[in-house]
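Following: one structure in C-alpha cells, then a few remarks.
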Amino acid sequence: MWYDAYYLVPAALLIAAIVHVFVARRRAVRVDNPLGLPGRGLPLLSTAFLSGGPGRVFDTVLVRMHLAERVLVSRDGTVTLTHHRPHDAVEQALMDAVGTGGSRPLAALRAEVMRSAAVQAIGDELAARGLMRRPDLLRALGRARRWLWLAMLGVVVFAVLSFLLDDGRPGYDRPSLATPVVMLIVGLGMLSASGVDKARVTPAGRRQLSLMDTGRPWTPSHGLYPAAAGGALLGALALGGIVAAGADLDNEELQQSLLGAAAQQDAMTAVGRGSSFSSGSSSSSSSSSSSGGSSCSTSSSWCGSSSDGGSSSSSCGSSSSSCGSSSSSCGSSSSSCGSSSSCGSSSSCGSSCGGGGCGGS
C-alpha cells in the first residue's frame, strides 16, 4: 500500500488549497453591514460609485461644484478653484489634489481624486452593505482557485508517476486509481462550490439601481448643497454619466472636457500597459507605477470599474481595461443596472487596482 502513502503529499497540498479557497470565498461574499435596499434614498455619491465607479464620482462632484460656481473649467481643460471650503470629504480630496496653485489640468486631477481615500471609502461602504464586491477580494479568490487547480494537477502528476514507478513485481499491489480519482472529485466539487459572480455590482446592487433608474427623474436627498438647484441633473449624471446628463447640463465645453479627460486616461493607460508587456517581469511593475496619473498600480482597491452591473475589469475608474474610462465605456446613458450600453469591466490591474466600478463619465 505504499502507493496510498505516496499520495500524502498531493493530498496535503489539495487540502491546503481547498481551505484557502474556502476562506477566500467567504471573505469575498461577506456582508459586514446589511442595511437592506434604500430605494431612491441612496446618497448622490454612493449612487455615482455604484453606477459608474470612482470616475463617475469625480465627474459628479466636479459638475456639482461647477453648478455652485465653486470651480471654473476652462476650454483647455484646466480646473480652477473659486471656493476653498469643502462640502464633503471628496471635495476636500479634490481641493487637496489641486494644491496651492489653485488650478490643475482636468485629466491629472481626475486620476488622483479617483484614487483618493475619500472616493475609495465610498466603495468600501457599498461593499459592506452588500451592494458591491471588493475587487481585491475577488482577485484573491481567483488566485486561490488557481492554486486549487495546481494542486489537482499535482494529484494527476503523482498518479502518473505511481504507474511509471510500478515495477509489476508479483506480491505487490498495483497502483489504484481510486485515491487520485476521489481527490480530483473533491477538488472539482470545491471549484464548483466556490464559484462567484465576478461582477463588481452584486445582484442586490443591481436591484438597487433598478429601483432608482425607473425612467423618471431622480433627485437625491443626500449629497446636494443646501437649497441648491440642479438636483435632477446631478441625479441623472450619477445614474447615467456625463453623456446621459449632457442635454440637461447645457454646457458642451464642460461635457467635452470631462469626456476628453476620461479618454486621455484611457490613452495613457494603453501606452503604459503596452510598455509593461514589452518589458521583463522586473520592469513591468515599475512601468505600471510610473505611467502617470492613469497607472493601475496604486494601493486603491476600487480603482476599477463596475460597469454593466458589475463585470470585472482592470481599470482604474473605467469600464474597459484602462485607468479612467472613456466616454464610450460606461459613460453613456444608463440602463436598468446603471450601466452604459457599452460597458464591460474590474480591476485586476494588480493588487492595487480593483478591477473593476465604472469610472466612466
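Could you please report the charge total around residue 244, scoring K, R as +1 and D, E as -1 over all other residues with beta-carbon less than 13 angstrom from its beta-carbon?
On the way: positive: 56; negative: 59, 213, 248.
The answer is -2.
Applying the Karplus parametrisation 6.51 cos²θ - 1.76 cosθ + 1.60 with θ = phi - 60° to the phi angles of the stretch 25-41, what ³J(HN,Hα) value in whole Hz is obtained for each residue in order, glycine and proline being reported as x?
Residue by residue, the stretch 25-41 yields 5, 4, 5, 5, 9, 5, 10, 7, 9, x, 10, x, 8, x, x, 8, x Hz.
Suppose R0 equals 22 Å. What FRET efficiency, 1/(1 + (r/R0)^6) with r the Cβ-Cβ distance, do residue 92 and residue 72 give to the nearest 0.05? Intermediate results must be reported in sequence, preceding the final value.
Numbers: r = 19 Å, r/R0 = 0.85.
Computed FRET efficiency for residue 92 and residue 72 comes out at 0.70.
Once both labels are modelled 7 Å past Cα along the beta-carbon direction, what's the residue 29-residue 100 spacing in nm?
Those two pseudo-labels are separated by 5.3 nm.
For an R0 of 41 angstrom, estimate the FRET efficiency from the Cβ-Cβ distance between residue 128 and residue 160 and round to the nearest 0.05. Walk me through the intermediate numbers first.
Values: r = 47 Å, r/R0 = 1.14.
Once rounded, the FRET efficiency stands at 0.30.
Grab the other residues whose beta carbon is less than 11 angstrom from that of residue 208, score K and R as +1, D and E as -1, and report the net.
Local charge sum for residue 208: +3.
For the stretch 101-215, rounded, prolate or oblate, judged on the Cα gyration tensor with a ≥ b ≥ c (square roots of eigenvalues), a/c < 1.5 rounded, else prolate if a/b > b/c? Don't skip to the end; give the middle numbers.
Numbers: a/c = 5.82, a/b = 2.64, b/c = 2.20.
Prolate shape, in that a/c is at least 1.5 and a/b is the bigger ratio.
Would you list 125, 69 from fewest to most Cβ contacts within 10 Å? List each step's numbers first, then the result.
On the way: 125 16, 69 9.
Fewest to most other Cβ atoms nearby, the residues stand as 69, 125.
Residue separation times 0.36 nm, minus the C-alpha to C-alpha distance between residue 22 and residue 191: what's the value? Don't skip to the answer; put the middle values down first.
On the way: separation 169, 0.36 × 169 = 60.84 nm, distance 0.96 nm.
Between residue 22 and residue 191, full extension yields 59.9 nm more.
Counting other beta carbons within 10 Å of each Cβ, put 202, 214 in order, fewest first.
Values: 202 24, 214 10.
Arranged by neighbour count, lowest to highest, 202, 214 become 214, 202.
Expressed in nm to one decimal, what extension gain is obtained for the pair residue 232 and residue 83 from 0.36 nm per residue of sequence separation less their Cα-Cα distance? Write down the numbers at each step before the final one.
On the way: separation 149, 0.36 × 149 = 53.64 nm, distance 2.31 nm.
Separation in residues times 0.36 nm, less the Cα-Cα distance, equals 51.3 nm.
In terms of modelled amide H atoms, which long-range or inter-chain residues lie less than 5 Å from the amide H of residue 71?
HN-HN under 5 Å from residue 71: 66, 82.
Once you place label points 7 Å from the Cα toward the Cβ at residue 147 and residue 253, how far apart are they in nm?
For the pair residue 147/residue 253, the computed spacing is 5.5 nm.
Go through the stretch 133-141 residue by residue and turn each phi into a ³J(HN,Hα) via Karplus (6.51, -1.76, 1.60, θ = phi - 60°); whole Hz please, and just put x for glycine and proline.
Calculated HN-Hα couplings, in order: 10, 5, x, 5, 6, 5, 5, 4, 5 Hz.
Enumerate the whole-percent occupancy of each 5 Å bin, from 0 to the last occupied one, for all C-alpha pair distances of the stretch 1-72.
3, 12, 10, 11, 11, 8, 8, 7, 6, 6, 5, 5, 3, 2, 1, 1, 0
Calculate the dipole size of the stretch 13-96 relative to its Cα centre from +1 charges on Lys and Arg beta carbons and -1 charges on Asp and Glu beta carbons; express the result in debye to the nearest 20.
For this selection, approximately 420 debye.
Would you kindly derive the ³J(HN,Hα) couplings of the stretch 122-130 from the backbone phi angles with the Karplus curve 6.51 cos²θ - 1.76 cosθ + 1.60 (θ = phi - 60°), listing them in order in whole Hz, with x for Gly and Pro?
Ordered by residue, 3J(HN,Hα) equals 5, x, 4, 5, 5, 5, 5, 8, x Hz.
Computed from the coordinates by the stated procedures, all read-outs in this text should not be read as laboratory data. Predicted, not measured: the structure shown is a model, and the values here were computed from it. Every residue, glycine among them, receives a Cβ derived from its backbone with ideal geometry; neighbour counts consider all protein chains shown.
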